[in-house]
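What follows is a single structure, written as structure tokens, with notes after it.
The values are calculated or read from the model by the stated rules, or taken from the named source; none is laboratory data. No experiment lies behind these values; they were computed from the predicted model shown. Don't worry about glycine lacking a Cβ; one is built from the backbone with ideal geometry, like all the others, and counts go over all protein chains shown.
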Amino acid sequence: MTKVNNILKTVIFATFSSVAFSFIILKLFPHSPQNIHWLFSIAFHLAVAIVLAIFGLINPDPKALVANVMSISMGRLLASGIAFFLYRLKFPDTQKWFMVHFMMHYMLFTFFEILFLLKIVRPKTNIK
């Protein structure tokens, strides 16, 4: 159960910090041409985090999990590039602000993904 709690805490912290940073960006630049598309960015990163969590629960072997996480991270990077390109074509007026939100979410979820990996890969040592 502690593994599930660790995964849930990581996903919740990443999601809430992404929402908080998006609200900060919206407050700091109130007259910028922004829209609510940043919610799709959070949904995308949250979906990837849920997939990572499922892999962590299905196969708890640290070596296999690291390989799965790295594969999913590369897939997320590729999907992010495609999302940038498609968004740029569809919404050219707000592309810059969407990219700011998207990259902020990407960095936050990557940071929490690394923390999640470190908890799994790092062996627990008892200090005497």
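Looking for something within 29 Å of L26 (Cα to Cα), part of a helix (DSSP H, G or I) and more than 18 Å from the chain's Cα centre (by Cα) - is there at least one such residue anywhere in the stretch 52-66?
No, the conditions are met nowhere in the stretch 52-66.
Being free of Cβ contacts under 8 Å to residues at least 24 places away in the same chain, over 19 Å from V19 (Cα atoms) and in a helix (DSSP H, G or I) is the filter here; which residues of the stretch 76-116 pass it?
Scanning the stretch 76-116 gives L77, L78, G81, I82, F84, F85, L86, R88, L89, K90, I114.
Here's the yes/no breakdown for (1) aromatic (F, W, Y); (2) crowded, with 18+ Cβ neighbours inside 10 Å; (3) at pLDDT below 85:
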position: S17; (1), (2), (3): no, no, no
position: I24; (1), (2), (3): no, no, no
position: I36; (1), (2), (3): no, no, yes
position: A53; (1), (2), (3): no, yes, yes
position: I72; (1), (2), (3): no, no, yes
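On the given criteria, is H45 surrounded by 12 or more Cβ atoms within 10 Å (Cβ to Cβ), in contact (Cβ under 8 Å) with a residue 60 or more places away in the chain and within 21 Å of L8 (Cβ to Cβ)? Before the answer, list the steps.
On the way: surrounded by 12 or more Cβ atoms within 10 Å (Cβ to Cβ): yes; in contact (Cβ under 8 Å) with a residue 60 or more places away in the chain: yes; within 21 Å of L8 (Cβ to Cβ): yes.
In short, yes.
With the requirement that a residue be buried (at least 17 other Cβ atoms within 10 Å of the Cβ) and of a type in the set (A, V, I, L, M, F, W, C), what does the stretch 101-118 give you?
We begin by selecting, within the stretch 101-118, every residue buried (at least 17 other Cβ atoms within 10 Å of the Cβ); these are 101-102, 104-106, 108-109, 112-113, 116-117.
Residues satisfying the conditions are F102, M104, L108, F109, F112, F116, L117.
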